[in-house]
């Protein structure tokens with residue numbers, strides 16, 4: 001899930017021309033850091049040398065990276081009324097979702113199938 005979020009955040013920034021795609025990737029990846037380590041996100045981020053815009057997005061929900069993460073989370077939650085980011089049309093965001101899923105799948109060695117909605121392969 002974190003890898004999918006990271007890829008989708010990166011692709012949304014890249015396609016829209018808003019923000020730095022690499023920074024967006026970090027925001028998406030680290031958005032689930034607290035869950036992954038079973039600790040408060042605030043405590044984990046305090047130990048990392050991150051820029052203020054990353055911390056603002058993850059801890060305060062401010063800035064362009066918070067907006068892109070909100071879009072990604074809304075898409076993941078199927079909250080369609082909140083799926084939007086800058087000038088991108090809904091169909092474009094859906095195409096980005098599929099590309100992000102494919103990238104995450106490739107990075108994980110094919111554990112999931114993007115077009116099957118993250119169903120494990122057997």
Mind checking whether some residue in the range 76-91 is in contact (Cβ under 8 Å) with a residue 24 or more places away in the chain, surrounded by 17 or more Cβ atoms within 10 Å (Cβ to Cβ) and over 18 Å from residue 4 (Cβ atoms)? no
From the option list 11, 45, single residue qualifying as under 21 Å from residue 106 (Cβ atoms) and either at pLDDT below 95 or within 11 Å of the chain's Cα centre (by Cα) (or both) is 11
Matching residues in the range 52-77 (touching a helix residue (DSSP H, G or I) at 6+ places or on another chain (Cβ under 7 Å) and not in a helix (DSSP H, G or I)) number 2
Residue 53 vs (1) over 14 Å from residue 11 (Cα atoms); (2) touching a residue at least 12 places away in the same chain (Cβ under 8 Å); (3) under 12 Å from the mean Cα position of the chain (by Cα); (4) buried (at least 17 other Cβ atoms within 10 Å of the Cβ): all pass except (3)
Among residues of the range 92-105 being without any contact (Cβ under 8 Å) to a residue 60 or more places away in the chain and in contact with a helix residue (DSSP H, G or I) (Cβ under 7 Å, 6 or more places away or on another chain), the residue farthest from residue 17 (Cα to Cα) is 105
For helices (runs of 4 or more DSSP H) lying entirely in the range 1-44, having 1 or more residues that are buried (at least 18 other Cβ atoms within 10 Å of the Cβ) picks out 2-16, 21-30
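The values are calculated or read from the model by the stated rules, or taken from the named source; none is laboratory data. Please read these numbers as outputs of a predicted model, since none were measured by experiment. Using ideal geometry, Cβ is built from the backbone for each residue, glycine included, and neighbour counts are taken over all protein chains shown.
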